[in-house]
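Taking it in order: structure first as C-alpha cells, then the write-up.
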Amino acid sequence: MYLNNSKQVVIKIGSSLLIDNNKKIRKKWLIDFAKDIELLTKNKKKVIIVSSGAIALGCKKLNINKKNLKLDKSQAVASIGQIELMNLFNEIFKKRKLNLSQILLTLEDTEIRRRAINAKRTFDNLFDLGFIPLVNENDSIATSEIKYGDNDRLASRVAQISGSDCLILFSDVDGLFDSNPKVNRNAKLINNVKDINNKIENYISKNVSEHGTGGMKTKIEAARICQISGCYMAIANGLINRPIKNIISKNICTWFLPKISKLDARKKWIISSISPKGELVIDDGAIQALKKGKSLLATGIKNINGKFSKGDHVKILDKNMKEHARGLSSFNSEEILRIKGQHSSKISEILGYVSKSEVIHKDDMVEI
Ligand code: GLU
C-alpha cells in the first residue's frame, strides 16, 4: 500500500540481479522488470532506477575477474561497463517504449546542497520530458575515501535529494526476518519497522545470509536515511519474477516507516545549515506571489544583505524587515546585486551566462 500511495519511487537493483554466478546476463528477469516499471509509469508514478552492474559488466566484457581488481583499474572497468549497463537496459526498455536517461553521482553530489539542488532539478525536468533516470555511482571518478561503494546508501540519498516517496531495495531474501531464514524455517518476516532499536539491530546481525556489496547492514543504514527524509523504504525479494507486481499484490517485504513527513524533512534540510548567510528584502508583490506558492524572482528583490554563495541558506524579509520565509539561493550575493529588480529574461544578458530563472525555487523555500 505504501508503494500504491507513492507518486515518486526509487528502485535499486544490484549487480547479482543482472548477472548470475556464471556471468550470464539475466535477460528474462530484466524483460520482466521492464514490465514492472511500465506498470508503475502507467499508474502515473515517477520512477528513478538505481542500478549497479558497471564493474560486473565491464569485467564480463574484458573477461577478467572482479575479485583481484585494484581500485584504479576498477574505475576504468566501471567506465567500460557503464556503457554496457545502459545498452542492456536500453535494448530491453525501448521495446516497452520506456525512455531512459543516465545520471552518475558521487557522494559529494548528494552532500553539497548546491549540487543536490541541481540534481533534483534535473530529475524533475527528466520526469517532465517523460524519461526514467537510471542512476549509478560515478565509480570512474569517485575515489575510495569519497565513495559510497554500495548502491544501497546511494539509493537512499537519491530518494532523499529527489524528494521521493518511497525506495525499494531488492535483496535475495523477502526482507528482514527475526532469525536467519536460510537456516531457520520458522523465521518470521518483519512487516513494518518504525524504530531501528536494539531488537531490530539484533535481527540484522542474524540475517547475515544476504549477499551483495552491502548486505543487510547497508540496507539498514539506507533505512535510517529514509526515516529522517520522510521516505518509506522496503527491502524486498528481487530474485523472483515481477518483483514489483509482487509487492503491490502480496506486500511480502519489510517496510521501514518514516519518522517525519517528507515536507517537514525538506524544511528541516533547508534550514539545517548552521545559520542563514544573508537576507533578501522583497517587495509586496513578491510576498503575495510567495504566499501563492510561487518561486522568488529577481524582479521582486529590493535589497540584499550579507555575502553568500549559491546553495546557501538565506532569509527572505518583507519591506518592514519582517521575516517571511527561508530558502536556498540559486545565485550568489554578487550576482543578485546585479540582477535585483530585473526581469528574469534579462538575467543571462546581465550576467553574461545562462543560469536559472528563479532566485529561490519554490521547492527550496519554507515559510516561517
Ligand atoms: N556502483 C557499482 C557498480 O555499478 C556497484 C556498487 C554496489 O554493488 O552497490 O558496479
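Observations on the structure shown:
- For the range 14-61, a tally of residues being among the β-branched types (Val, Ile, Thr), within 16 Å of the ligand (Cβ to nearest atom) and touching a Leu at 6+ places or on another chain (Cβ under 6 Å) returns 1.
- Number of positions in the range 172-188 that are more than 18 Å from Gln227 (Cβ to Cβ) and either surrounded by 15 or more Cβ atoms within 10 Å (Cβ to Cβ) or among the polar types (S, T, N, Q) (or both): 11
- Test: residue in the range 4-24 that is of a type in the set (Ser, Thr, Tyr) and within 20 Å of the chain's Cα centre (by Cα): yes
- Checking the stated criteria, Gly341 turns out not to satisfy the condition of being among the small types (Gly, Ala, Ser) and in contact (Cβ under 8 Å) with a residue 60 or more places away in the chain.
- Sole residue being among the aliphatic types (A, V, I, L, M), touching a Gly at 6+ places or on another chain (Cβ under 8 Å) and not in a loop (DSSP other than H, G, I, E, B), chosen from Ile168, Ile117, Ile161: Ile117
- Some residue of the range 1-13 being in a helix (DSSP H, G or I) and either modelled with pLDDT of 95 or more or away from the ligand (no atom under 13 Å from the Cβ) (or both): no
- The set of residues from the range 63-97 being out of contact with any helix residue (DSSP H, G or I) (no Cβ under 6 Å at 6 or more places or on another chain) and not in a helix (DSSP H, G or I) comprises Asn63, Ile64, Asn65, Lys67, Asn68, Leu69, Lys70, Lys97.
- Any hit, the range 320-330, residues being surrounded by fewer than 20 Cβ atoms within 10 Å (Cβ to Cβ), in contact with an Asp or Glu (Cβ under 7 Å, 6 or more places away or on another chain), at positive phi and of a type outside the set (Val, Ile, Thr): no
The values are calculated or read from the model by the stated rules, or taken from the named source; none is laboratory data. Predicted, not measured: the structure shown is a model, and the values here were computed from it. Cβ: placed from backbone, ideal geometry, glycine included. Neighbour counts: every protein chain shown.
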